[in-house]
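Asker: What follows is a single structure, and I will ask about it in a moment.
The values are calculated or read from the model by the stated rules, or taken from the named source; none is laboratory data. As the structure is a computational prediction, the values presented were derived from the model and not from experiment. We place every Cβ from the backbone using ideal geometry, glycine too, and count neighbours over all the protein chains shown.
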Amino acid sequence: MSEAYSPVDQIMDVIVRSPGIALDEIVSQCPNLTWNQVFSELDRLSRCGRVRLCRRAKGGYTVFPASASEMKASA
């Protein structure tokens, strides 16, 4: 992944390519970002309605891109 992309672009690219991806897997697919950077961006993206975080039964989170209707509702 090119560093020309912003952190949020890198993260969203990973999520769109792999809906339901685990948080730790996003971190591994964005090697130029720290865990804290990924978590901080996901927190912000979740609060503005661009992604959904879902808690897994054994702990951890999976991340999904928000649907178009969810994004309109949060705007």
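Asker: Of all the residues that make up region 27-38, how many are of a type outside the set (A, V, I, L, M) and under 17 Å from D13 (Cβ atoms)?
Answerer: Taking region 27-38 as the starting set, the residues that turn out to be of a type outside the set (A, V, I, L, M) are 28-32, 34-37.
Those still in the list that are under 17 Å from D13 (Cβ atoms) too: 28-32, 37.
Matching residues across region 27-38 total 6.
Asker: Turning to a different aspect of this structure: Can you pull out every residue in region 1-56 that is under 20 Å from S67 (Cβ atoms), of a type in the set (A, V, I, L, M) and exposed (fewer than 13 other Cβ atoms within 10 Å of the Cβ)?
Answerer: Result: V16, single match.
Asker: Would you point out the residue of region 57-66, among those that are in contact with a helix residue (DSSP H, G or I) (Cβ under 6 Å, 6 or more places away or on another chain) and modelled with pLDDT of 95 or more, that is surrounded by the fewest Cβ atoms within 10 Å (Cβ to Cβ)?
Answerer: P65
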